[in-house]
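Accompanying notes for the structure given below.
The values are calculated or read from the model by the stated rules, or taken from the named source; none is laboratory data. Everything quoted here is computed from the prediction, not taken from an experiment. Positions of Cβ are generated from backbone atoms using ideal geometry, with glycine treated the same way; all protein chains shown enter the neighbour counts. Keep in mind that these areas ignore ligands, DNA and RNA; they rest on the heavy atoms of the full protein, side chains included. Shrake-Rupley method; radii C 1.70, N 1.55, O 1.52, S 1.80 Å.
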Amino acid sequence: VQLQASGGGLVQPGGSLRLSCAASGSIFSINRMGWYRQAPGNKRELVAFIIRDGGSTNYADSVRGRFTISRDSAENTVRLQMNSLKPEDTAVYYCNAVDRYGLQYWGQGTQVTVSS
């Protein structure tokens, strides 16, 4: 499984950004996809994920109500719509996939900076 992330950038507090992650390769084996983030000096933390079959979602408490994860099965793409961004959302965001065997795959990180 290969993951290609896009999006990110610099935005002012209260603004919005959208991240996309396109999966290729053995996509039939993917059980779930999502996003993690890592700020300087912090551990990588889960932001949100979506289950491939059924589409159920899970969010970190810190982003629930502001971020929305969705999937486009036709494009094998997962998107993260981030609204009402805060400076504490600043981090490198990583796309993640987990297959049916529990193996994890990572995309390249994309920087999100929330600053005035």
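Accessible-area rank, largest first, for Y101, Y94: Y101, Y94, with all protein chains present and a 1.4 angstrom probe.
Close amide-amide hydrogen proximity is noted between G15 and L85, each under 5 Å apart and 5 or more residues distant or on a separate chain (H modeled in the peptide plane; Pro and chain starts excluded).
Provide the percentage of antiparallel DSSP beta bridges, counting only those with both residues in the chain; round to the nearest 5. Don't jump to the answer; show the numbers that get you there.
Working: 41 of 45 bridges.
About 90 percent, rounded to the nearest 5.
Run the dipole for the chain about the Cα centre, Lys and Arg Cβ at +1, Asp and Glu Cβ at -1, nothing else charged, and hand back the magnitude in debye, nearest 20. Let's see the in-between values first.
On the way: 12 positive and 8 negative charges, 18 e Å.
Around 80 debye, computed over the chain.
Segment W106..N31, full-extension length gain: 25.6 nm, with 0.36 nm per residue of separation and the alpha-carbon distance subtracted.
Sequentially through segment 67-80, phi angles give Karplus couplings (6.51, -1.76, 1.60; θ = phi - 60°) of 9, 9, 9, 9, 10, 10, 4, 5, 9, 6, 10, 10, 10, 10 Hz, Gly and Pro residues having no value and appearing as x.
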